[in-house]
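Enquirer: What follows is a single structure, and I will ask about it in a moment.
The values are calculated or read from the model by the stated rules, or taken from the named source; none is laboratory data. These numbers were taken from a predicted model, which means no experiment stands behind them. Neighbour counts are summed over all protein chains in view; Cβ atoms, including those assigned to glycine, are modelled from backbone coordinates with ideal geometry. Surface areas here come from the heavy atoms of the whole protein model, side chains and all, with no ligands, DNA or RNA. Shrake-Rupley method; radii C 1.70, N 1.55, O 1.52, S 1.80 Å.
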Amino acid sequence: MNVGCQKGESLLKKGVAAVFFTPKNRYVTKIYITNYRLIIKNQKNQLIKLSYDLIHEIYVENNKYLCIRCNTPLRFFDGKDEYVRIFLHGLKRKEGGGLILLDDPKWPNYWKKILSVQISKYQSQIALKKHAMQNEEDDLLLIEGVVRSKEGLDEFEIVKTREKMDIWFDDYFYEACMLYATNNRLIIKIKSRDFIIIPYSVIYTAQSEDDDKISINFSFPQCVEGFENDISKMQIKRISKPSDEYPEQIQERWHDEWNEFFKKVTSQFREHKGAISEDEMFEMLIEMKHSPTKYNLSSYAKQGWDRACGLALDRFGYEKGDLFLYMNFLLKEYEEMKTRAMAEPDSARQEAYRGSEMAYSAILSYINHHTKVR
């Protein structure tokens, strides 16, 4: 097959087909079905390697060709445009040589059956693997915790940022402490030779509060020297300066920067078991509406992005129990926006549709990435 097989991968079936994503351009290709994926190779030796976990559904269209609908928009054969559907049309040799389209309903139904069987087997194996992962007991070799220390920064420790802040540990208040954020921990200097060390691995969540504080919750209560009770969270607050010209904007930026920092440093400790929870999905949809990507778009495209995120969030409210149906909705909306953007003569509306298309693509990509087995 010479397309770079994975370990344990075996070729089960191969054939020749005309592949297209839009009716205008068709490619004569070789198709290979393995136990892990579908591989399509065109005459320029360009490849589509479509893992079965990327396939949303398979069906026969117009009784002529096979349609494969992907979970998320993808670029095929090094193209610039993204599509969610791949169409396969049978070919046959004509007299005198060459290939012509085969309009026989048996061909797409035959390949649909073969692919469906392999996808079903693959998904059954994935389901068993996910079940095993979700029920396995992890061996905790080391549990880090918050500690009090006479030593602060190590000699060669890299400081990412530092700032003087007001800090609370539950109800214990420390005024104007220097906080150092390094590559793997927070170091809070209470006074000379008195430090509180917080590894990032013990931070569970971090979010802004109504009183201009950022609250950092620990994964479990911390028993720390010098505190009468276990502490379950810390709060930090920016110390305002009299010279601040735009205090509200500075405060908002401060929150955004620190929340983004905590999200980044704690993401490596979050374990994915191959599924996305309703809470994670809801949080992602909220965050997607304020994604940095949106702020690089034009004003009309931003409106389209907001509309798509709003619809996705609204639909999730009553279809969150069935991820397949929810993704059906997202894929349908994505394709609708793509079609409208291509057909719309008004430039402002076209930009708005493009913004919606980009938002749906980002949401689908997130779902697909976070539902894979790690």
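Enquirer: Specify the inter-centroid distance of the range 44-80 and the range 325-371, based on alpha-carbon positions, in whole Å.
Expert: For the range 44-80 versus the range 325-371, the Cα centre distance is 17 Å.
Enquirer: On the protein heavy atoms, probe 1.4 angstrom, tell me the percent of accessible surface of the range 276-374 carried by carbon and sulfur.
Expert: Answer for the range 276-374: carbon and sulfur cover 52 percent of the accessible area.
Enquirer: Could you tell me what % of all Cα pairs in the range 9-85 have separations over 15 Å? All intermediate terms of the calculation are to be shown ahead of the outcome.
Expert: Numbers: 1692 of 2926 pairs.
Cα-Cα pairs in the range 9-85 separated by more than 15 Å: 58 percent.
Enquirer: On a 1.4 Å probe surface of the protein chains, which of 16, 265 comes out largest in accessible area, and what is the full order?
Expert: 16, 265
Enquirer: Along the charge dipole of the range 176-250, which of 217, 229, 196 sits closest to the positive end, that is, farthest toward it, with unit charges on the beta carbon of Lys, Arg, Asp and Glu (+1, +1, -1, -1)?
Expert: Working it through, the farthest residue towards the positive pole turns out to be 196.
Enquirer: Could I ask something else about it? If you plug each phi of the range 186-196 into the Karplus form 6.51 cos²θ - 1.76 cosθ + 1.60 with θ = phi - 60°, what whole-Hz ³J(HN,Hα) values come out, in order, with x for Gly and Pro?
Expert: 9, 10, 10, 8, 6, 7, 4, 6, 9, 10, 10
Enquirer: Let's test this: bin the Cα-Cα distances of the chain at 10 Å from zero up to the farthest pair and state each bin's percent.
Expert: 4, 18, 22, 21, 16, 11, 6, 2, 0, 0
Enquirer: Further question: Convert each backbone phi in the range 58-71 into a coupling constant with the Karplus relation 6.51 cos²θ - 1.76 cosθ + 1.60 (shift: θ = phi - 60°), then list the ³J(HN,Hα) values in order as whole Hz, x for Gly and Pro.
Expert: Computed from phi, the couplings for the range 58-71 are 10, 7, 9, 10, 6, 6, 10, 9, 8, 10, 10, 9, 8, 5 Hz.
Enquirer: While we're here: Hey, can you grab everything whose amide H is under 5 Å from the amide H of residue 36? Only 5+ residues off in sequence or another chain; H modelled, so Pro and N-termini drop out.
Expert: 10
Enquirer: Separate question: How much length is gained on full extension from residue 343 to residue 209, taking 0.36 nm per residue of separation minus their Cα-Cα distance?
Expert: Full-extension gain reported as 43.7 nm.
Enquirer: How far is it, in nm, from the label point at residue 328 to the one at residue 156 when both lie 7 Å from their Cα along the line to the Cβ?
Expert: Here the answer is 5.8 nm between the modelled labels.
Enquirer: Same structure, new question: Please turn the phi angles of the range 202-208 into ³J(HN,Hα) values with the Karplus equation 6.51 cos²θ - 1.76 cosθ + 1.60 (θ = phi - 60°), one per residue in order, whole Hz, x for glycine and proline.
Expert: Working through the residues one at a time gives 8, 7, 8, 9, 9, 8, 6 Hz.
Enquirer: Given H placed 1.01 Å from N in the peptide plane, which residues other than close sequence neighbours of residue 13 have an amide H under 5 Å from its amide H?
Expert: 33
Enquirer: Sequence-distant or interchain residues sharing an amide H contact under 5 Å with residue 182, placed H: which?
Expert: 160, 187
Enquirer: Then there is this: Give me the accessible area per residue for the chain, probe 1.4 Å, as a whole number in Å². Before the final figure, lay out the partial values.
Expert: On the way: 22030 Å² over 374 residues.
Spelled out: the 1.4 Å probe surface of the chain, per residue, equals 59 Å².
Enquirer: Let me ask something else. Mind checking which of 31, 62, 21 is farthest towards the positive end of the range 21-84's charge dipole, using Cβ charges of +1 (Lys, Arg) and -1 (Asp, Glu) about the Cα centre?
Expert: Final value for the positive-end residue is 31.
Enquirer: Also: Normalised by the residues of the range 9-120, what does the relative contact order come to in percent, with Cα pairs under 8 Å and at least six apart? Please list the in-between numbers first.
Expert: Numbers: 212 pairs, mean separation 24.5, N = 112.
It rounds to 22 percent for the range 9-120.
Enquirer: Leaving ligands and nucleic acids out of the surface, order 336, 163, 228, 175 by accessible area at 1.4 Å, largest first.
Expert: 228, 175, 336, 163
Enquirer: Separate question: Ignoring everything except DSSP H segments at least 4 long, calculate the 222 nm mean residue ellipticity for the chain; use -39,500 (n - 2.57) per segment, divide by total residues, nearest 500.
Expert: Working: 6 runs with 128 residues, N = 374.
Computed ellipticity for the chain at 222 nm equals -12000 deg cm²/dmol.
Enquirer: OK, next. What is the Å³ per residue value for the convex hull set by the Cα atoms of the range 34-138?
Expert: Cα convex hull per residue, to the nearest whole number: 135 Å³.
Enquirer: Taking 8 Å as the Cα distance limit and 6 or more residues as the minimum spacing, I'd like the relative contact order of the chain as a percentage.
Expert: For the chain, the relative contact order is 11 percent.
Enquirer: Show me, bin by bin at 5 Å from 0, the whole-percent P(r) of the range 228-374 based on Cα pairs.
Expert: Answer for the range 228-374: a P(r) of 2, 8, 14, 16, 15, 14, 12, 9, 6, 3, 1, 0, 0, 0 percent.
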